Each structure stands twice: as C-alpha cells, then as structure tokens.
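Comments concern the structure below.
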Amino acid sequence: MTPEAISGIIQQARHQEAATGQFRRVIETRLPELHGIIGLESNDPAGSLVNFAVEYVDMAPRLIECVDTCAQEAEVSELFQPFVTTAIAYFTSPSVLLASYEGLEGLLIKAYQSHRLMEEMYENNRSFRNSQLVDVEATQANLLVHHLIGEPFANELDQSILITVRQIAGSPDYYDLNLAPFVEQASRDAWSWMREYWLNLLNRNQINFRFSYRSML
C-alpha cells in the first residue's frame with residue numbers, strides 16, 4: 001500500500017465521521033482528562049480537537065511520502081526504507097491491540113505511531129539532531145495526541161516505537177551516520193511546506209501549550 005492509498009482510507013474515515021460524529025463523542029468524554037498545560041481557546045473545544053486530529057492524521061501519509069522522496073533525491077533510500085516501510089505498516093498491518101479502535105480514533109493512533117517513529121528517527125542521528133528539521137510545534141502536536149489517546153495505552157505505544165527504532169537504527173553507527181545529503185534535500189522546498197503546516201497546526205485550531213515549571217512537576 002502506498003501513501004496515496006492511505007490518504008484514501010483517511011478520506012473514507014472523514015466521511016464516516018461527518019455522518020456519525022462518533023469520534024467527536026470520544027473526544028468529548030476525554031476533555032475533562034486533558035492535562036492542564038493544554039489550553040483550548042475555542043468556544044467549541046471538542047470541535048477544535050476533532051479538526052486538529054483530522055489534520056494530524058492527514059499529515060501522516062504526506063510525511064511518509066516526503067521522507068521517501070527526500071531520501072530518493074539524496075540517493076540514500078536504502079537507509080530510510082525501513083522507516084518508510086514500518087510507518088506504512090502501521091496503517092496496513094496494525095497491531096491486534098488496535099482491533100477495537102475504528103474510524104478516526106483508530107487512524108489517530110496509527111498516525112501517532114507513524115509520527116513518533118519519524119520523530120525518534122530524527123532523535124537517533126547526529127545529523128538530524130543538529131539540523132533543526134523538526135520544530136517544537138511538531139513535538140507539541142505529538143504530545144497532545146498522546147494525551148488524546150490516553151494513558152497507559154499511549155505509553156505502551158511509545159515503548160513499542162522505541163523498541164522498533166532500536167531494531168532499525170539502534171547501533172552507534174546510525175547515530176554517527178552522516179545524513180547531511182538528506183538534510184540538505186529536506187531543507188529545500190520538499191520540506192518547507194510541511195514545516196509551515198506543523199508550525200500553524202495548533203494555532204489554526206486555537207490550541208496552545210501553557211508550559212511552566214510548576215506544570216512540569
């Protein structure tokens with residue numbers, strides 16, 4: 001299955017949600033449980049979170065495709081193919097743990113796995129860590145979805161992703177691997193639209209993070 005096919009699955013789920021409102025009802029039940037650092041400024045906080053989730057899910061196949069394209073153009077496809085293949089598999093061959101999650105709720109979990117995998121890919125390589133390809137807004141978006149999924153399940157997902165990354169790129173050689181060609185390619189137009197998308201994702205949906213020393217305790 002290709003990222004384009006995943007986009008088709010997402011579109012079907014959006015139509016289903018428009019007809020049933022099932023995911024919105026899930027979000028409404030979780031509003032009281034959200035962490036205090038998450039600020040919702042909309043008069044319709046559940047609606048804002050649903051819109052955010054839809055945009056977050058929509059980004060997953062685009063991110064997969066962008067990473068794949070940049071890797072091909074930088075002629076380092078073989079290094080990134082395990083990440084691309086795994087990210088696609090989250091949608092095509094989901095864990096049995098997700099069997100009870102349907103529609104947008106299930107897709108949000110799969111998108112979270114995909115986004116977090118890519119985030120950990122960046123964190124485990126020196127070239128990426130020094131490149132500033134990933135902005136804090138992307139990390140905040142992942143954190144918000146972590147809270148929307150809820151603990152302890154989101155923690156279990158994180159742990160499984162860390163295990164997967166160790167299997168793919170757990171050696172010191174990967175951390176020190178010079179991926180400057182990919183970073184250079186990603187710094188061009190192929191990546192700029194995606195960074196702009198992440199930068200404004202929370203603001204578009206009237207969501208902000210109110211970090212303070214006390215909130216981190």
ask   = Somewhere in the range 27-41, is a residue acidic (Asp, Glu), over 17 Å from Glu102 (Cα atoms), touching a residue at least 40 places away in the same chain (Cβ under 8 Å) and outside any helix (DSSP H, G or I)?
value = yes
inquiry  = Can you find, within the range 82-95, the residue that is surrounded by the fewest Cβ atoms within 10 Å (Cβ to Cβ) among those that are closer than 17 Å to Cys66 by Cβ and hydrophobic (A, V, I, L, M, F, W, C)?
reply    = Val84
remark   = Residue hits (the range 96-119; surrounded by 14 or more Cβ atoms within 10 Å (Cβ to Cβ) and among the hydroxyl-bearing types (Ser, Thr, Tyr)) are Tyr101, Tyr112, Ser114
request  = Any residue in the range 1-22 that's in contact (Cβ under 8 Å) with a residue 12 or more places away in the chain and closer than 15 Å to Asn51 by Cβ: show its pairings with residues that are of a type in the set (Asp, Glu) and surrounded by 15 or more Cβ atoms within 10 Å (Cβ to Cβ) at Cβ separation under 8 Å, as long as the two are six or more apart or on different chains.
outcome  = Ile10/Asp58
query = Looking at (1) touching a Lys or Arg at 6+ places or on another chain (Cβ under 8 Å); (2) farther than 26 Å from Gln185 by Cβ, can you tell me which one Gly103 breaks?
reply = (1)
inquiry  = Suppose the filter is surrounded by fewer than 16 Cβ atoms within 10 Å (Cβ to Cβ), of a type in the set (Lys, Arg), more than 17 Å from the chain's Cα centre (by Cα) and closer than 25 Å to Asn208 by Cβ; does Arg62 pass it?
reply    = no
query = Does Ala46 count as surrounded by 14 or more Cβ atoms within 10 Å (Cβ to Cβ), in contact with a helix residue (DSSP H, G or I) (Cβ under 9 Å, 6 or more places away or on another chain) and within 18 Å of Met194 (Cα to Cα)?
reply = no
Subset of the range 120-136 [crowded, with 17+ Cβ neighbours inside 10 Å and among the charged types (D, E, K, R)] = Glu120
request  = Please determine, by comparing only the residues of the range 150-183 that are more than 25 Å from Ser131 (Cα to Cα) and among the charged types (D, E, K, R), which one is modelled with the highest pLDDT.
outcome  = Glu156
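Mind checking whether some residue in the range 81-95 is touching a strand residue (DSSP E or B) at 6+ places or on another chain (Cβ under 9 Å) and either among the β-branched types (Val, Ile, Thr) or closer than 22 Å to Asn200 by Cβ (or both)?
Looking through the range 81-95, none of the residues is touching a strand residue (DSSP E or B) at 6+ places or on another chain (Cβ under 9 Å) and either among the β-branched types (Val, Ile, Thr) or closer than 22 Å to Asn200 by Cβ (or both).
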ask   = Does Ala71 count as farther than 30 Å from His15 by Cβ, out of contact with any Lys or Arg (no Cβ under 9 Å at 6 or more places or on another chain), surrounded by 16 or more Cβ atoms within 10 Å (Cβ to Cβ) and of a type in the set (Gly, Ala, Ser)?
value = yes
inquiry  = Being at pLDDT below 90 and not charged (D, E, K, R) is the filter here; which residues of the range 33-59 pass it?
reply    = Leu34, His35, Gly36, Ile37
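The values are calculated or read from the model by the stated rules, or taken from the named source; none is laboratory data. Bear in mind the structure is a predicted one, so any value in this text is a computation, not a measurement. Cβ coordinates were reconstructed from backbone atoms using ideal geometry, including for glycine residues, and neighbour counts include every protein chain displayed.
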